[in-house]
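**Student:** Below are the structure tokens for one structure; questions will follow.
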Amino acid sequence: MFSVGILYSVQHFLTTLEKNSQSAFQINESFQLYYVATIEQVVNTSLENEWVILENGMYKLTTKSKEVLSAKGYEKRLRIQLKHMIETLKPTWFSLFHRGRKEAIRYFPPEVLQCFDEADLLYSYNSDVIEWWDYLSSFSRKNMEDNKLIIGRQGERLSVIYEKNRTGFDANWVSVESNLLGYDILSRKSSTCDEKLKIEVKSTKSLESGKFNFYLTRNEWDLAINSINHIFHFWILEENPKLYVYNSTELKDYIPVDNKNGKWQLAKIKINKMELEQKCRFSPTIKTVK
């Protein structure tokens, strides 16, 4: 879809519909090419990005298409089209937008680069161009945070299942109700000991420079070192997720140290697989998550 020819053809298609709504039958029977793209490419791209809807056999414009048409000139219309497509499709290279323009465009496929060039988004410092990049950079960050939340919840759910198997009792998934407590799961020490056990859950899916990364806040750490019964669940969410359990003593070497008037608030903990295997107390595998 990220083709200059297709997107320009879509602009012509939307302009035609603005002047005269047409049936799907009329469009499909009357055209093989629409401007420089096939009618199939034009229609599918328009439907996929919600620039048109098919209603009672008629192609009709949407709020999104009216936003495209309200812009003056092909270049500005193309910018709006690209914004809509990125919001809808969330292509893999979109995750790099938060790093800045120069860093992001290094990974663009050639056809995407051409679209951005035609839209004058690659080198211009005009205020509307900067606003375009800033908007999608914020959208990229939000998308990343949403993904982190999903990954985090997957690990927490696995911990709830694991604790039920370990103790025979249901654990309390407290982070669903509040994220201010400094831990995620409230369980018990064992099947025979009902002393409360606080569990902070960390999850990750991918390696970075050969290591798994986990993030720990100052509040989470302060609670851990001041609690009698507190452990950390580290989940590696591979095909068969694996759990590594640490207490605060075992984790201490990974925690930053305050210096003079500087105090850390967020720690990035990097642990390779060998370190995990050496320091963890057990490493069960759970194959299914319900």
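Readers should treat all values here as calculations from the given coordinates under stated rules, not as data from a laboratory. All values derive from a computational prediction rather than experimental measurement. Backbone-built Cβ (ideal geometry, glycine too); neighbour counts: all protein chains shown.
**Student:** Using amide H atoms built 1.01 Å from N in the peptide plane, name the residues 5+ places from Ser203, or on other chains, whose amide H lies under 5 Å from its own.
**Tutor:** Amide H to amide H, under 5 Å and 5 or more residues apart or across chains, Ser203 pairs with Trp235.
**Student:** Let me ask something additional. Give the longest segment of the chain that steers clear of chymotrypsin sites (Phe, Trp or Tyr not before Pro) in DSSP loops with at most 10 neighbouring Cβ atoms within 10 Å, not counting the sites themselves.
**Tutor:** In the chain, the maximal stretch lacking such sites is 126-281.
**Student:** Put +1 on the Cβ of each Lys and Arg and -1 on the Cβ of each Asp and Glu in the range 41-168; which of Ser138, Ser159, Asn49 then has its Cα farthest toward the positive end of the dipole?
**Tutor:** The listed residue farthest towards the positive side: Ser159.
**Student:** Go through Leu181, Leu89, Leu113 and say which Cα lies farthest out towards the positive end of the charge dipole of the chain; charges sit on Cβ, +1 for Lys and Arg, -1 for Asp and Glu.
**Tutor:** After comparing all options, I get Leu181.
**Student:** I've got another one for you. Any idea what log10 I(q)/I(0) is at q = 0.12, 0.13, 0.27 Å⁻¹ for the range 18-83, Debye with uniform C-alpha scatterers and no solvent?
**Tutor:** Evaluating at q = 0.12, 0.13, 0.27 Å⁻¹ gives log10 I(q)/I(0) of -0.31, -0.36, -1.34.
**Student:** Still on this structure, please answer the following. Amide H neighbours of Arg188 under 5 Å, counting only residues 5+ apart in sequence or on other chains, H built in-plane at 1.01 Å?
**Tutor:** Residues meeting the criterion, in which the H sits 1.01 Å from N, are Leu197.
**Student:** To the nearest Å, what is the center-to-center distance of the range 69-146 and the range 174-223, using C-alpha atoms only?
**Tutor:** That distance is 37 Å.
**Student:** OK, next. Putting +1 on Lys and Arg Cβ atoms and -1 on Asp and Glu Cβ atoms, find which of Tyr35, Ala104, Ile225 reaches farthest to the positive end of the dipole of the chain.
**Tutor:** Ile225
**Student:** Rounded to the nearest 0.05, what FRET efficiency is calculated for Leu122 and Leu89 with R0 set to 22 Å and r the Cβ-Cβ distance? Before the final figure, lay out the partial values.
**Tutor:** On the way: r = 20 Å, r/R0 = 0.91.
In this case the efficiency is close to 0.65.
**Student:** Pick the calculated Rg and Dmax of the Cα atoms in Å for this structure from (i) 25.9, 77; (ii) 20.0, 71; (iii) 20.3, 61?
**Tutor:** Answer by label: (i).
**Student:** Dipole magnitude of the range 172-278 about its Cα centre, charges +1 at Lys/Arg Cβ and -1 at Asp/Glu Cβ only, in debye to the nearest 20?
**Tutor:** Computed about the Cα centre, the dipole is about 240 debye.
**Student:** Continuing with the same structure: What is the dipole size for the range 74-139, taken about its Cα centre, with +1 at each Lys and Arg Cβ and -1 at each Asp and Glu Cβ, in debye to the nearest 20?
**Tutor:** Numbers: 9 positive and 10 negative charges, 38 e Å.
That gives a dipole near 180 debye.
**Student:** Which helices, counted as full DSSP H runs in the chain, have an axial Cα extent of no less than 20 Å and a Kyte-Doolittle average of -0.5 or above?
**Tutor:** Qualifying helices, which must be both long enough and hydrophobic enough, are 4-19.
**Student:** With each label point set 7 Å from Cα along the Cα-Cβ vector, what nm distance links Tyr215 and Lys72?
**Tutor:** Distance between label points: 4.2 nm.
**Student:** Let me have the 222 nm mean residue ellipticity of the chain computed from DSSP H runs of 4+ only, each contributing -39500 (n - 2.57), with the sum over all residues rounded to the nearest 500. Spell out each step's value before the answer.
**Tutor:** Values: 11 runs with 131 residues, N = 290.
Roughly -14000 deg cm²/dmol at 222 nm, from the helical runs in the chain.
**Student:** Dipole magnitude of the chain about its Cα centre, charges +1 at Lys/Arg Cβ and -1 at Asp/Glu Cβ only, in debye to the nearest 20?
**Tutor:** 880 debye
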